[in-house]
Every structure is written in structure tokens, then in C-alpha cells.
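Scroll down for the structure; my scribbles are underneath it.
The values are calculated or read from the model by the stated rules, or taken from the named source; none is laboratory data. Just so you know, these numbers come straight off a predicted model, no measurement behind them. Quick reminder, even Gly has a Cβ in these numbers, built from the backbone with ideal geometry, and neighbours come from all protein chains shown.
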Amino acid sequence: MRQVLPQWLLGWMKLKMTKIHDTAIVSSSVKMGENVIIGPFCNIYGDVSIGDNVTLLSHISISGHTIIGEGTKIWPFSVIGSEPQDLKYDNENSKLVIGSNNKIREHVTMHSGTKEGGMKTQIGDNNLFMVGSHIAHDCKVGNNCVFANNATLAGHVEVGDWAILGGLSAVHQWSRVGCHSFIGGLAAVTRDLLPFGMAVGNRANLEGINLIGMRRRNFSKIEIEEVKRAYSILFEENEIEFKSRIKKLNEEKFESNSAKIITSFVSVETNRAYVSPSEV
């Protein structure tokens, strides 16, 4: 006698179903969650882990020790988790860890880490990587960032939450890009960019505060005013050296967390300079 499964069980089974196109090549070593869709001509091999509800549209290469968080969607011709472009790399088992709900568009490249950078490249949640953007080895990208077409990070770059990188922009290795900052199209950033800052130009200069971004994200008037005051201390008092300005900033009694984020950023020990106005 033929057994009829109840509707609730059929629905549960459909929810858990993973669909792999006949032309896709998926190694037996790959771990997959529920409701994963792998489209035509994808090639997935190595120690790869794919979370629930991930969609790989077509012609995507995923390799190495790569973890992809749930809800992420990857468009055609992206190469994810391949060896870093670092001559010192010696086949160590480094990682690429991608968070949840990222959108990774066509021709994006993301590389695993190296021994010098802690063996891991880290991507947060809810980011948009537009066509041709590149995340090099050992980078750390926060949450809710936008990388416009062909935006490029060199190795070991750190990008804070809600940062926006314009099309064809490039960030020099070991640089830091602060949260809620904005990098204009075609900019070449060779120094650390403070949180909430706007960088524009080849060998980018500071063009002010990302006020539009702050207002869009509903920062309060007090937060905006205190960020302005922090920037004024750092970049308008040219008669004293920058270390003294940082000391003065640390002595300020800010109410908002936004200004404190700037204080924490410049208090980190570093040999790198900061993106500054052209006259500073």
C-alpha cells in the first residue's frame, strides 16, 4: 500500500531541499546547509561550508577553507576563497569567512588570509559588493558596507561598519577605513580614514564629514555636532603637532558614542598617517 505523507512533512522536506544544477561540480568535502541553490557551471571544492538559504547563480568558483554565511547571494563569475596574491604565501591553511546576507555581484574576487595577517580574511553581514570589487588577503570588512564597481582593498585593510567605497577606488595595504566613512569614486586612499570622514582624490584628501550618511542613518543633532567638534580639534588647530591634538581630543568630555568612536580610532598605536585636509 502506498504511503501518503502529510502536507506538513512535505512542506518541511521542501524547505530543507538543496538544489544543485546538473552542470555544477561540488566536491564531497563541501558542507551545505538547508535550501541552498547552486546554479549551472559552479565549481566548489576544498574545505568549504555554505550556510542555509545561500544562492549561487552560475559560473562561480569557491575554494580553499571558506565559510559562507546564511542568506548570502553570489552572482556569476565571482571567485571566492582562492589563494592570496602574496608571494610569501606558502600553502598554509588560511581562511575566508563571509557573514550572513551579503550580496556579491559579478566578477567579485575575495581571497583567503596569510600567516602574517592572522590566517583569516573576514567579511561581516549585510554588505553589498558590486561588480568587480576585490577583497585581498587578511582584510576585515564590517557590516552594512557598500563597495561600488571595481572598488579594491589591498592586503590587511580594515573597513568599519557602514563605510561606502566609490567606484574604482583603491585602499592601500594596512590602511584603516573608519565606520560611516565615504570614499569617492577613483580615490586612492594611502592613509587611515577617520570614522565619518569623506576622502576624495588620487592620494585622497579629507573633504569633510559624511553628513549625508549620518543624517540618512538618523544620527542625532548632538552626535553630529560632537563629531564636528572632534574633527575641528584634530584638523583645525594646525599650530600644534598631531599627537598633541589627539591628547586634547582624549581630554574632551563627549556625550555621544559617535565622537568617542573617533577618539578610540586615533588612540590606536600606529605608524600610519591620517587622511587630512589638503592644507593640513
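Within the option set 141, 108, being over 12 Å from the mean Cα position of the chain (by Cα), assigned by TED's automatic domain parsing to the domain that holds residue 59 and of a type outside the set (Phe, Trp, Tyr) holds for one residue only, 108.
Please specify each residue of segment 34-61 satisfying the condition of being of a type in the set (Gly, Ala, Ser) and part of a loop (DSSP other than H, G, I, E, B). Passing the criteria: 39, 46, 51, 58. Just one of the numbered conditions (1) within 22 Å of residue 184 (Cβ to Cβ); (2) crowded, with 24+ Cβ neighbours inside 10 Å is not true of residue 136: (2). Of the set (1) closer than 21 Å to residue 124 by Cα; (2) touching a strand residue (DSSP E or B) at 6+ places or on another chain (Cβ under 8 Å); (3) of a type outside the set (Asp, Glu), all apply to residue 203 but (1). I'd like to know if segment 146-156 contains one or more residues that are assigned to a loop (DSSP other than H, G, I, E, B), among the hydroxyl-bearing types (Ser, Thr, Tyr) and closer than 23 Å to residue 125 by Cβ. The answer is no; no qualifying residue exists.
Can you name every residue in segment 89-99 that is in a loop (DSSP other than H, G, I, E, B) and under 12 Å from the mean Cα position of the chain (by Cα)? Steps first, answer last, please.
Taking segment 89-99 as the starting set, the residues that turn out to be in a loop (DSSP other than H, G, I, E, B) are 89-94, 99.
Of everything in segment 89-99, just one residue is in a loop (DSSP other than H, G, I, E, B) and under 12 Å from the mean Cα position of the chain (by Cα), namely 99.
A quick yes/no check of all residues on (1) of a type in the set (Phe, Trp, Tyr); (2) free of Cβ contacts under 8 Å to residues at least 24 places away in the same chain; (3) assigned to a loop (DSSP other than H, G, I, E, B):
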| residue | (1), (2), (3) |
| --- | --- |
| 199 | no, no, no |
| 206 | no, no, no |
| 233 | no, yes, no |
| 239 | no, yes, yes |
| 243 | no, yes, no |
| 259 | no, no, no |
| 262 | no, no, no |
| 272 | no, no, yes |
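Looking only at segment 233-257, residues that are of a type in the set (Ser, Thr, Tyr) and surrounded by 12 or more Cβ atoms within 10 Å (Cβ to Cβ) come to 1 in all. Report whether or not residue 69 is in contact with a Gly (Cβ under 7 Å, 6 or more places away or on another chain), crowded, with 16+ Cβ neighbours inside 10 Å, assigned by TED's automatic domain parsing to the domain that holds residue 133 and not hydroxyl-bearing (Ser, Thr, Tyr). In short, yes.
For segment 62-84, the set of residues classified as outside any strand (DSSP E or B) and either closer than 16 Å to residue 51 by Cβ or out of contact with any Ser or Thr (no Cβ under 9 Å at 6 or more places or on another chain) (or both) consists of 69, 70, 71, 72, listed by residue number.
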